[in-house]
Amino acid sequence: MLLASAVVVWEWLNEHGRWRPYSPAVSHHIEAVVRAGPRAGGSVVLGQVDSRLAPYIIDLQSMNQFRQDTGTLRPVRRNYYDPTSAPGKGVVWEWENDNGSWTPYDMEVGITIQHAYEKQHPWIDLTSIGFSYVIDFSTMGQINRQTQRQRRIRRRLDLIYPMVTGTLPKAQSWPISPGTAAAPPAPPCSCPQCVLVMSVKAAVANGSAGPHLPPVARKNVPPSGAVKVPAPSGPGAKPLDSTGIIRGPAKTVPSQAIRRQASSAPAGATAGSSVSPPGANGKTGRVALATLNRTNLQRLAIAQSRVLIASGVPTVPVKNLNGSSPVNPALAGITGILMSAAGLPVCLTRPPKLVLHPPPVSKSEIKSIPGLSNTSRKTTKKQAKKGKTPEEVLKKYLQKVRHPPDEDCTICMERLTAPSGYKGLQPTVKPDLVGKLSRCGHIYHIYCLVAMYNNGNKDGSLQCPTCKTIYGVKTGTQPPGKMEYHLIPHSLPGHPDCKTIRIIYSIPPGIQGPEHPNPGKSFSARGFPRHCYLPDSEKGRKVLKLLLVAWDRRLIFAIGTSSTTGESDTVIWNEVHHKTEFGSNLTGHGYPDANYLDNVLAELAAQGISEDSAAQEKD
């Protein structure tokens, strides 16, 4: 039996199209749920192993990470790496971000850095894998090749990522051998694994251009494209791109994160091929596999992808497993077979491509939006409102209650018939006064409402803490910036009959004001300018006009802690979702999405912005 192993790393796709690894502890936790099978329920609660991930749940059926407080979905995948690489040794490489905390590199980058470190290279240039950085091991620094900016890096030891091991039958046990050719052939097994093994064996033995596939499967199989296989060597070899993919002449066969189980591919012509078993010389399966050259290993990877896709087997992408041993490269081709045999099938194909931006657009093709007189808006720092105390502001929205009901104030949780239990700064009202909000009718201690107003934006508005009804005009704490909007001559997926509204948000870093979490401290602004997209339909233009109102009221962005990177004191989205993918929907922030426009209208309404608001605001 041939024994093969790989390291399992669970990863999630961020908004920039980068697969980010979960920590070893989280990956172990996910693996434990996967191996427990259906009795575990099919969901992974990440907060059970890492309190910082408390809002997140992974749904293994759809292979998505779900954030409970915002409803954000992100794809996840189960990835495989060489057990001798960094994740197999518990080595984590990290860089220091602007707020002094440490961020792990993507797994590909960390493995590349660790490999150079083990070879005792003084430095390594990451340009070859798509990053404009140089890692200097003598100073433990990262240098940006374009700006020459330097950051500290570090190497630390953590848990080893979980390992998986599978077995492949010896070559002698595979049908069909010459000695039994005269006997009537037994009915072949039609499972994808056996079809694959037989077809690849026939292709290797006969030296054919490719593996024989069952007729039904072959009919639906597209031409081979980009397949993750071991890095080629020697003159004339095709170079790898930044993702470690050997480029083929045809389009990539896209893989899916998860698909519904379908029936296995029917048995086909491969059963009739009579070939000599590679292990007939008496050597073990490991030696027989070592005789495969790189061309045949690539055929194995391609065949595995084709058979699994054609048979409807659920698939996830598999990483290339590099190594100097002749057996190590074969792991890239057989990992899918081994995991599929264990009930966890995989596919050696390239993941679907993230399309963030439209094709290039010339200035002459960019048009203003009918009905809007301008193409951009700017916001400045908040102008403090003077002359009204909190008590004067709330007086407009409250009615005094002389005989309060015997129930709790939902702010301080004390009975309304007793004084307020709030212990903060002392408002200038008596703690036993009770008031009722005029529109929604909810009742609170006036003392508690004044304290709540003082802890908020102090913009003259009030939001009921029970039903979220807004009194006055709600504004936010968005830092100064610019919002541009115009038409481009391309259509979004799901909206083929109209052009696209492109919105570009630009916010520079700066210093926090008195309304922000840490006044006087600097804040960062990552990922700007941010490009967002709406269909140029009637409802799309309606959403745009309401977004303009939200921008003027400083409600689109805020300063806080990023849920993606964990960085604090940075510009973040503020509860109004935007579509930042133009031609795909891998992260949940793209098209097609039939419900998006209705959902964002509801989110804007929750901020007190409706068609009436748009009519009141000037263009």
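The values are calculated or read from the model by the stated rules, or taken from the named source; none is laboratory data. Bear in mind the structure is a predicted one, so any value in this text is a computation, not a measurement. Counting neighbours? That spans all protein chains shown, and the Cβs are built from the backbone with ideal geometry, glycine included. Protein only, heavy atoms only, side chains kept; ligands, DNA and RNA dropped before computing areas. Shrake-Rupley method; radii C 1.70, N 1.55, O 1.52, S 1.80 Å.
One table, with the values for the structure above:
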| read-out | value |
| --- | --- |
| Relative contact order of segment 503-615, defined on C-alpha pairs under 8 angstrom at six or more residues apart (%) | 23 percent |
| Theoretical gain in end-to-end length, Ser138 to Glu611 [0.36 nm per residue, Cα-Cα removed] | 164.2 nm |
| Proximal aspartates and glutamates relative to Lys363, as straight alpha-carbon distance under 18 Å, when same-chain residues fewer than 8 apart are discounted | Glu484 |
| Carbon/sulfur fraction of accessible area - segment 5-165, other protein chains in place, 1.4 Å, % | 52 percent |
| Per residue accessible area of segment 390-458, 1.4 Å probe, in Å² | 61 Å² |
| Solvent-accessible heavy-atom area per residue, rounded to whole Å², over segment 5-165 at 1.4 Å | 48 Å² |
| Linear extension gain, Glu391 paired with Lys367, 0.36 nm per residue minus alpha-carbon span | 3.8 nm |
| Most to least accessible of Val450, Val355 (protein chains only, probe 1.4 Å) | Val355, Val450 |
| Charge dipole (debye, nearest 20) of segment 52-93; +1 at Cβ of Lys and Arg, -1 at Cβ of Asp and Glu | 80 debye |
| Segment 481-616, accessible surface, carbon-and-sulfur percent (1.4 angstrom probe) | 50 percent |
| Where segment 471-619 is the region considered: accessible area per residue in Å², 1.4 Å probe | 41 Å² |
| Rounded if a/c under 1.5, otherwise prolate or oblate - segment 390-458, Cα gyration tensor axes | oblate |
| Stokes-Einstein D (µm²/s) once Rh is taken as the Kirkwood radius of segment 49-89 over alpha-carbon pairs, at 37 °C in 0.692 mPa s | 272 µm²/s |
| Reachable aspartates and glutamates, given that their alpha-carbon falls under 20 Å from the alpha-carbon of Lys396 and they are not under 8 places away in the same chain | Asp432, Asp459 |
| Top positive-direction residue, dipole computed over segment 394-454 with Cβ charges, set Gly441, Pro404, Leu416 | Gly441 |
| Quotient of Cα Rg and 2.2 N^0.38 Å for segment 1-126, N being how many residues it contains | 1.17 |
| Over segment 32-169, relative contact order from alpha-carbon pairs under 8 Å, at least 6 apart, % | 16 percent |
| Segment 390-458: relative contact order in percent, alpha carbon pairs under 8 Å with at least 6 residues between | 34 percent |
| Spin-label pair Glu603/Arg377, simplified geometry with 7 Å Cα→Cβ offset, distance in nm | 1.6 nm |
| FRET efficiency for Thr417 and Val473, using Cβ-Cβ distance with R0 set to 25 Å, rounded to 0.05 | 0.15 |
| Lysine pairs with alpha-carbon atoms under 19 Å apart, segment 481-616, spacing 8 or more or separate chains | 9 |
| Accessible carbon and sulfur surface of segment 390-458 relative to its total accessible area, %, 1.4 Å | 51 percent |
| Of Gln607, Trp551, Tyr485, farthest towards positive along the dipole that unit charges on Lys, Arg, Asp, Glu beta carbons give segment 481-616 | Tyr485 |
| Restricting segment 404-476 to chymotrypsin sites (Phe, Trp or Tyr not before Pro) in coil, as DSSP defines it, with at most 16 other Cβ within 10 Å | none |
| Pairwise FRET efficiency - Ser62 versus Asn14, Cβ, R0 = 22 Å, nearest 0.05 | 0.75 |
| Paramagnetic reach from Glu538 (point 7 Å along Cα→Cβ, amide N under 19 Å) across segment 591-607 | 594-602 |
| Global geometry of segment 546-614, whether rounded, prolate or oblate, following the gyration tensor of its Cα atoms and the 1.5 cut on a/c | oblate |
| Accessible area (Å², 1.4 Å probe, nearest 10) - Trp102 | 70 Å² |
| Label-point separation, Ile511 to Asn99 (7 Å along Cα→Cβ), nm | 2.0 nm |
| Estimated FRET transfer efficiency when R0 is 45 angstrom, pair Lys119-Ala32 (beta carbons, to 0.05) | 0.85 |
| Segment 481-616: mean projected area of Cα convex hull, nm² | 8.5 nm² |
